[in-house]
Each structure stands twice: as C-alpha cells, then as structure tokens.
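Trainee: Let me give you the structure first, and then I'll get to my questions.
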Amino acid sequence: MKNILKSLAVLTVATPMLTGCIEETFPTSGVTTEQVAQSSKSLESIVKGMPAYMKNWHTWSSNAFDFGYPAIFIAQNVMTNDMVQPFNGYQHFLYWEQVTVSIDPEYLLSQINWYYLNFQVKAANEVIGMLSDPKTPEQIKCLAEAITYRSATYLDMARTYEFLPNATISPVNSAENDVTGLTVPYVTPDMTSDEISNNPRLPHAEMSKHLLEDLAEAEQLFLSTTDSRSSKVFPDLAVVYGLMARVYMWDENYPEAAKYARKAITTGSGYAPLTRTEWFDKTNGFNNSSFNSWMWAIQYESNDDAVTTGQNSNWASFMVSESAIGYNGQRGCNMMIDAALYASIDNADWRKLSWKAPAGSALSGLEPFISASQANSLMTYTGIKFRPGSGVVDQRTTTFAVAVPLMRIEEMYLIEAEATAQTNPGQGKTLLESFMQTYRYPTYACLATDKDGVVDECFKQKRIEFWGENVIFYDYKRLNKGVTRAYQGSNWPAATQYNVTGRPGWMNWPFVDYESDFNKGVEGYLNPGVGDKFKPATNN
C-alpha cells in the first residue's frame, strides 16, 4: 500500500489548529449572540453544526480514513482483539491495526485525530458560548444538547488519551515526565486566550469532576424544558444518564454506574433492546436510528460530501460488507470478527448469524444475507451486521446514507450487570442472565460464580453485542484486558498477530507534538510513542 503519511515537519501549512490555539469559528451566518437569542432559525442552524461535524469529511487530509468520528471508531475497533481488517492492498486502517510508527506524535495520523476531536469540542462550545443565559424552552434544550455533546466528546478523548500502565510502554516520556493518569486539556467558551495557551492535561479525577458537573447541569436543563429533540442525532435526558454511567464506569465507581445505567433504561418512553427481527432487518438493520434500541446516532444524508464523493471515504464504505460499491463492494475490504471470538459464541445465540460462518459449519447457509451471490464473494467471518441504506446495495446516495449508533440501550443493561457484579457477583450474574435470556436467547446461562468470572462474561457479551461500534475499546483499557491474535486458525494478518498480556500500550493514544508549540501547558507532557514497539508472535 502506498505510504500516504507525512511528517508534520514538512507540512507547508503551519496554522494553529489544536486544543489551545484554534482560531477558526464555525458558520454562524454572521449573527451575534443577541441575534441568536431572538432568532429560532439562526439558533437551529448553529446547533445543527454539532451533529454535522461528527461526520465531517476530510477535515485535515484527503486520506480515505479521514471521515470524522466514525473513522475513529474503526481505528479503535481494529486495535482490539475483535475486529479484523484483512490486508489486500486497500487496508487504510492498518496503521492502527498493525500499530506502526506512523501513529506517533510527530506524524500526520496523530494530528488528524487530535485536530478532529478538538474541533468537535469547539462545535459544542460555539453553541454553549452563545447560550450563556437561555430564556426559551428551545434555548434551554439546545444548551443541554451542547453540554451533553461536549461531555461525550471529552469523555471519549479522556479515555483514549489517558495513559494507563502497561507492560511495554513506559509512562516516563522523552522529557522524563511521568504522564500516568493524564487525560486531555479541557476548554470552555469563557476561558481567556492566556488560559487556553497554557492549558495542561487534566488528571483523571479532575476531568471526571468536570464531566459529572457538566452532565448534572445538562440533566437539570433537560428537566426544566418542555422542548423535545428534533431527531436522535441530538442527545436527550436518557443519553445524559447513559453518559454518566460511562463516566462512573471509567472511574470504577461501580455503584453509581449501575444506578445511572438503570436511570437511562427507565427514562423516557419506549427504549427497548433490539429484537432478532430488528437486528437482521435487511432494509434497516443497523443503519436506521428509528428502532427503540437506539438512543443517539450519527445520520449520513444523501447530500453529505462523504456520501456523494467518488472517493468512498465514509462509514458504510468500510463497514457495510454487502454493498456493491465502496471499499467493500469494489475492493473486498471485508471487516471480520476474530475467529476465536466467533468460535466462542454459542450456536443458540442468534447474534452469531451476524458473521459469515465457515463453510461446512452448523450455521453456514443460515446467515440472513441480502443477496446469495454477494455472499459468495465475502470472506469467512465477514460481518453483515451493518446493512446498506434502505437495503440498496449499489446507489451511492442511498447505500451510504446510513445511521451510525452512538449509544444503544443494550449498553446500559450490560453496564448495570457488570457494575453490579463488581460489588455483588451473584446479583450481577442474575442481571446478565435476565438480559440475555429475555432479549438474546432463552437457554443462555452464565457459568461463572466469582466476581472475575462474571465480569469477564459481561465483557464477552459486550464484545459480541457491540462488535464494530464505539464501545469495547474503552472496556479493554479499563479492565486491563490483553489481546491474543496469534493462535492456530487465526484470521489476523501475520503482521498484526500480537499476543499481549494486559492492556496493550498502544491503547494509550499519542497526540501530536505540534500541540505544545501553541499550548505550553502540555509541553513536556506528551504521551510516549507506541508505534513499532510490538512484534508479531509468529516472528518471535
């Protein structure tokens, strides 16, 4: 594959663009804060910039992997033990899957993700800054949405960039500073330029405090307004509780995590786990947020640049295996489940039909493919979970116009089960069995009896349930889980067959060293590089 990376040192454009130095503003049609307060149309336009930015296309480069939040989900998924991208000449996420030096602080890849995520925060801060004194129900709702949106982004950033102990990468960086537990700088609209330009990375506890305070504010705002969200591309009160559950899981404050997961489940009306029929819907399966399981989503529209472009740089191009176009349909870039994880799934679990079964196995031929002829071209273990838009496989503006899940109610059930098991294994086991037997398959039984066993079983069920979504990377990191990719029958490319005990050091993402030129608060406190530090077990 052609090397498409550039060192930051040779970039011709050196504009301040990161946490402490973003000068650009989002489109506001030239309106002032006062005009926004008076114009519902102006406010709506600005607020729409938040979900629009989640799917922003080619933020910093023209590379195929530069398509916003969904691209980061894929990069994180191929860094776990669960989702395999085969190497066939078009493996655009190989840098993360193989953990090459190209993802280190001095390279473009670390800049693309860091740059993108900070602009996603800025999209929310634009709204928050203009609604410092909301008056109408609509303004209160919009402020609540913006605070929630910012909190979700910062939580993902904090969990991604926080340096946690591992067996391979020392927390002492090249400046001889220990960065253990440091997350990211935190920016609000009311910060001065001096504060922004000297804004250090927050320790875990300080970031958690900010997030919980912000989410508590969002909760009160949602409770005080009668205005409802216009679509699931915006968060609501249940999403706030879901994010609180995620924060408390990250904190390992398990009683509070279980409490807020339950609040998310019971808040609002109609949230319910996907049924088998909904999961395998050939027209709307995992491409449509209207199902009651989906709490929050990204929605690609038919006129989005990422959809209409001829470069196939979007979520569905990579994740929808049954399309006749994009990197799947035209290049055979089928995303697969790890063979060992697949083998561990009980044949009675209907979710196992989400992947192409090995020829001759008990489930082969039972998978609900859209087209038998298309199925023949897919590699064994290829995922068919994510369907093309409206089930149409060959029309770009329909096939690629799909929704991407940001939060589903199933996560709350599994958070509740694991969080409870952390302090009361028996009760946690009961909750897990109740969820699985009610919503997945009635013969399920959790055989574990101790805390570690029940927690591991919750982790396994999340690996199956959320394959390809933006969930499991953070559980690997929190639970100190290793990867085993080199084994008899492995379907991982040879160059990625790493066996690592405990959380892999590569899950502490580096961020761009260019940031310290404009934000002196992070100078000397960058994460160490992780690239090229791991050797395939087959080569040892």
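Trainee: State the number of residues belonging to segment 57-89 that are part of a loop (DSSP other than H, G, I, E, B), of a type in the set (S, T, N, Q) and closer than 24 Å to Ala494 by Cα.
Mentor: The first filter runs over segment 57-89 and keeps only residues part of a loop (DSSP other than H, G, I, E, B), leaving 57-68, 78-82, 85-89.
Now restrict to residues that are of a type in the set (S, T, N, Q): 59, 61-63, 80-81, 85, 88.
Applying the additional criterion that residues be closer than 24 Å to Ala494 by Cα yields 80-81, 85, 88.
Number of matching residues: 4.
Trainee: While we're here: Show me the helices (runs of 4 or more DSSP H) found entirely inside segment 393-492 where at least 1 residues are of a type in the set (Ser, Thr, Tyr).
Mentor: Numbers: elements: 396-399, 409-421, 425-439, 451-465, 472-478.
Counting at least 1 such residues, we get 396-399, 409-421, 425-439, 472-478.
Trainee: Return yes or no: is Leu432 surrounded by fewer than 23 Cβ atoms within 10 Å (Cβ to Cβ), more than 22 Å from the chain's Cα centre (by Cα) and farther than 25 Å from Met507 by Cα?
Mentor: Values: surrounded by fewer than 23 Cβ atoms within 10 Å (Cβ to Cβ): no; more than 22 Å from the chain's Cα centre (by Cα): yes; farther than 25 Å from Met507 by Cα: yes.
So Leu432 does not fit the description; no.
Trainee: Something else: Go through (1) buried (at least 16 other Cβ atoms within 10 Å of the Cβ); (2) under 22 Å from Ala158 (Cβ atoms) one by one and return the number of the condition Asn480 breaks.
Mentor: (1)
Trainee: Those residues that are surrounded by 14 or more Cβ atoms within 10 Å (Cβ to Cβ) and either over 13 Å from Tyr381 (Cα atoms) or polar (S, T, N, Q) (or both), I need them from segment 333-345; list them, please. First the steps, then the outcome.
Mentor: As a first pass, look at segment 333-345 and keep what is surrounded by 14 or more Cβ atoms within 10 Å (Cβ to Cβ): 333-342, 345.
Matches in segment 333-345: Asn334 only.
Trainee: Here's another thing I want to ask about it. Can you tell me how many residues in segment 498-518 are surrounded by fewer than 20 Cβ atoms within 10 Å (Cβ to Cβ), of a type in the set (Ser, Thr, Tyr) and in a helix (DSSP H, G or I)?
Mentor: 1
Trainee: Please indicate, with yes or no, whether at least one residue in segment 332-340 is free of Cβ contacts under 8 Å to residues at least 60 places away in the same chain and either under 21 Å from Met79 (Cβ atoms) or in contact with a Ser or Thr (Cβ under 8 Å, 6 or more places away or on another chain) (or both).
Mentor: Taking segment 332-340 and keeping what is free of Cβ contacts under 8 Å to residues at least 60 places away in the same chain, we get none.
No; the residues of segment 332-340 include none that is free of Cβ contacts under 8 Å to residues at least 60 places away in the same chain and either under 21 Å from Met79 (Cβ atoms) or in contact with a Ser or Thr (Cβ under 8 Å, 6 or more places away or on another chain) (or both).
Trainee: Starting from residues that are of a type in the set (A, V, I, L, M) and in contact with a Lys or Arg (Cβ under 6 Å, 6 or more places away or on another chain), keep the ones in segment 435-470 and report whichever is surrounded by the most Cβ atoms within 10 Å (Cβ to Cβ).
Mentor: Our first condition is that a residue be of a type in the set (A, V, I, L, M); within segment 435-470, this holds for 436, 445, 447-448, 454-455, 464.
Narrowing the set further to residues that are in contact with a Lys or Arg (Cβ under 6 Å, 6 or more places away or on another chain) leaves 454, 464.
Working: Val454: 28, Ile464: 20.
In this case the residue turns out to be Val454.
Trainee: Is at least one residue of segment 266-277 of a type in the set (Val, Ile, Thr) and under 22 Å from the mean Cα position of the chain (by Cα)?
Mentor: Our first condition is that a residue be of a type in the set (Val, Ile, Thr); within segment 266-277, this holds for 266-267, 275, 277.
Cutting the leftovers down to under 22 Å from the mean Cα position of the chain (by Cα) gives us none.
No, every residue in segment 266-277 fails to be of a type in the set (Val, Ile, Thr) and under 22 Å from the mean Cα position of the chain (by Cα).
Trainee: Sticking with this structure for a sec: Of all residues in segment 97-113, count the ones that are assigned to a helix (DSSP H, G or I) and either surrounded by fewer than 23 Cβ atoms within 10 Å (Cβ to Cβ) or modelled with pLDDT under 95 (or both). Spell out how you get there, then give the answer.
Mentor: Pass one, segment 97-113, residues assigned to a helix (DSSP H, G or I): 97, 101-103, 108-113.
With the extra rule that they be either surrounded by fewer than 23 Cβ atoms within 10 Å (Cβ to Cβ) or modelled with pLDDT under 95 (or both), the set shrinks to 101-102, 108-113.
Qualifying residue count for the region: 8.
Trainee: What is the residue count in segment 100-133 for residues that are of a type in the set (Phe, Trp, Tyr) and either farther than 30 Å from Lys533 by Cβ or touching a strand residue (DSSP E or B) at 6+ places or on another chain (Cβ under 9 Å) (or both)? Step through it out loud before you land on a result.
Mentor: Start the filter on segment 100-133 by keeping residues that are of a type in the set (Phe, Trp, Tyr), which leaves 107, 114-116, 119.
Pick out the ones that are also either farther than 30 Å from Lys533 by Cβ or touching a strand residue (DSSP E or B) at 6+ places or on another chain (Cβ under 9 Å) (or both) and you get 107.
Of the residues in that region, 1 qualify.
Trainee: In this structure, does His92 turn out to be assigned to a loop (DSSP other than H, G, I, E, B), on the phi > 0 side of the Ramachandran plot and either surrounded by fewer than 23 Cβ atoms within 10 Å (Cβ to Cβ) or not β-branched (Val, Ile, Thr) (or both)? Don't jump to the end; show me each part of the working.
Mentor: Numbers: assigned to a loop (DSSP other than H, G, I, E, B): yes; on the phi > 0 side of the Ramachandran plot: no; either surrounded by fewer than 23 Cβ atoms within 10 Å (Cβ to Cβ) or not β-branched (Val, Ile, Thr) (or both): yes.
No: the conditions fail for His92.
Trainee: Among the listed residues Ser289, Ser302, Ser293, which satisfies the condition of being within 23 Å of Glu418 (Cα to Cα), of a type in the set (Gly, Ala, Ser), out of contact with any Gly (no Cβ under 6 Å at 6 or more places or on another chain) and touching a residue at least 60 places away in the same chain (Cβ under 8 Å)? Full working, then the answer.
Mentor: Numbers: Ser289 fails: within 23 Å of Glu418 (Cα to Cα); Ser302 fails: within 23 Å of Glu418 (Cα to Cα).
Every option except Ser293 fails the conditions.
Trainee: Just to verify a result, which residue in segment 325-347, among those that are in contact with a strand residue (DSSP E or B) (Cβ under 8 Å, 6 or more places away or on another chain) and assigned to a loop (DSSP other than H, G, I, E, B), is farthest from Val392 (Cα to Cα)?
Mentor: By that ranking, first place goes to Asp338.
Trainee: Moving to a separate point now. Return yes when Trp355 is out of contact with any Asp or Glu (no Cβ under 8 Å at 6 or more places or on another chain), modelled with pLDDT of 95 or more and buried (at least 16 other Cβ atoms within 10 Å of the Cβ) and no when it is not. Steps first, please.
Mentor: Values: out of contact with any Asp or Glu (no Cβ under 8 Å at 6 or more places or on another chain): no; modelled with pLDDT of 95 or more: yes; buried (at least 16 other Cβ atoms within 10 Å of the Cβ): yes.
So Trp355 does not fit the description; no.
Trainee: Do we have any residue at all in segment 507-528 that's within 30 Å of Asn287 (Cα to Cα) and touching a residue at least 12 places away in the same chain (Cβ under 8 Å)?
Mentor: First, the residues of segment 507-528 that are within 30 Å of Asn287 (Cα to Cα): 507, 509.
Next, only the ones that are touching a residue at least 12 places away in the same chain (Cβ under 8 Å) stay: 507, 509.
Yes, segment 507-528 has at least one match.
Trainee: Further question: Among the residues of segment 281-298, write down those that are touching a helix residue (DSSP H, G or I) at 6+ places or on another chain (Cβ under 7 Å) and either buried (at least 18 other Cβ atoms within 10 Å of the Cβ) or basic (Lys, Arg) (or both). Break it down stepwise before answering.
Mentor: At the first step, the residues of segment 281-298 found to be touching a helix residue (DSSP H, G or I) at 6+ places or on another chain (Cβ under 7 Å) are 282-283, 285, 287, 291, 293, 295-296, 298.
Those that are touching a helix residue (DSSP H, G or I) at 6+ places or on another chain (Cβ under 7 Å) and either buried (at least 18 other Cβ atoms within 10 Å of the Cβ) or basic (Lys, Arg) (or both): Lys282, Gly285, Asn287, Phe291, Ser293, Met295, Trp296, Ile298.
Trainee: Here are some residues: Ala421, Ala359. Which one is more than 24 Å from the chain's Cα centre (by Cα) and closer than 30 Å to Ala258 by Cα?
Mentor: On the way: Ala359 fails: closer than 30 Å to Ala258 by Cα.
Result: Ala421 is the single residue among Ala421, Ala359 that is more than 24 Å from the chain's Cα centre (by Cα) and closer than 30 Å to Ala258 by Cα.
Trainee: Kindly establish whether Ala495 is surrounded by fewer than 18 Cβ atoms within 10 Å (Cβ to Cβ) and either in a helix (DSSP H, G or I) or modelled with pLDDT under 95 (or both). Walk me through how you get there before you give the answer.
Mentor: On the way: surrounded by fewer than 18 Cβ atoms within 10 Å (Cβ to Cβ): yes; either in a helix (DSSP H, G or I) or modelled with pLDDT under 95 (or both): yes.
Spelling it out, Ala495 is indeed surrounded by fewer than 18 Cβ atoms within 10 Å (Cβ to Cβ) and either in a helix (DSSP H, G or I) or modelled with pLDDT under 95 (or both).
Trainee: Something else about it: Check whether at least one residue in segment 374-386 is out of contact with any helix residue (DSSP H, G or I) (no Cβ under 9 Å at 6 or more places or on another chain), part of a helix (DSSP H, G or I) and among the small types (Gly, Ala, Ser), and report yes or no.
Mentor: Checking segment 374-386: at least one residue is out of contact with any helix residue (DSSP H, G or I) (no Cβ under 9 Å at 6 or more places or on another chain), part of a helix (DSSP H, G or I) and among the small types (Gly, Ala, Ser).
Trainee: Look through Asp236, Asp281 and report the one residue that is among the acidic types (Asp, Glu) and within 24 Å of Ile384 (Cβ to Cβ).
Mentor: Values: Asp236 fails: within 24 Å of Ile384 (Cβ to Cβ).
Checking each option against the conditions leaves just Asp281.
Trainee: Let me ask another. Identify, by number, the condition in (1) of a type outside the set (A, V, I, L, M, F, W, C); (2) assigned to a loop (DSSP other than H, G, I, E, B); (3) crowded, with 18+ Cβ neighbours inside 10 Å that Gln139 doesn't meet.
Mentor: Among (1) of a type outside the set (A, V, I, L, M, F, W, C); (2) assigned to a loop (DSSP other than H, G, I, E, B); (3) crowded, with 18+ Cβ neighbours inside 10 Å, Gln139 violates only (2).
Trainee: I would also like to ask the following. May I ask you to list the residues in segment 381-407 that are out of contact with any Ser or Thr (no Cβ under 8 Å at 6 or more places or on another chain), over 29 Å from Ala343 (Cα atoms) and surrounded by 24 or more Cβ atoms within 10 Å (Cβ to Cβ)?
Mentor: Kept after step one, since they are out of contact with any Ser or Thr (no Cβ under 8 Å at 6 or more places or on another chain), are these residues of segment 381-407: 381, 395, 402, 404, 406-407.
Keeping just the survivors that are over 29 Å from Ala343 (Cα atoms) gives 395, 402.
Once the filter is applied, which keeps residues that are out of contact with any Ser or Thr (no Cβ under 8 Å at 6 or more places or on another chain), over 29 Å from Ala343 (Cα atoms) and surrounded by 24 or more Cβ atoms within 10 Å (Cβ to Cβ), segment 381-407 yields only Val402.
Trainee: Also, I was wondering about something else. With part of a helix (DSSP H, G or I), touching a residue at least 60 places away in the same chain (Cβ under 8 Å) and in contact with a Pro (Cβ under 7 Å, 6 or more places away or on another chain) as the only criterion, which of Glu126, Glu145 stands out? Working first, answer last.
Mentor: Values: Glu126 fails: in contact with a Pro (Cβ under 7 Å, 6 or more places away or on another chain).
Being part of a helix (DSSP H, G or I), touching a residue at least 60 places away in the same chain (Cβ under 8 Å) and in contact with a Pro (Cβ under 7 Å, 6 or more places away or on another chain) holds for just one of Glu126, Glu145, which is Glu145.
Trainee: Cβ-Cβ under 7 Å, sequence separation 6+ or interchain: first residue in segment 236-264 and within 15 Å of Ser293 (Cα to Cα), partner in a helix (DSSP H, G or I) and polar (S, T, N, Q). Which pairs?
Mentor: Within 7 Å, the pairs are Val239/Thr148.
The values are calculated or read from the model by the stated rules, or taken from the named source; none is laboratory data. This is a predicted model, so every value here is computed, not measured. Here Cβ is always computed from backbone atoms with ideal geometry, including for glycine, and neighbour counts include all displayed protein chains.
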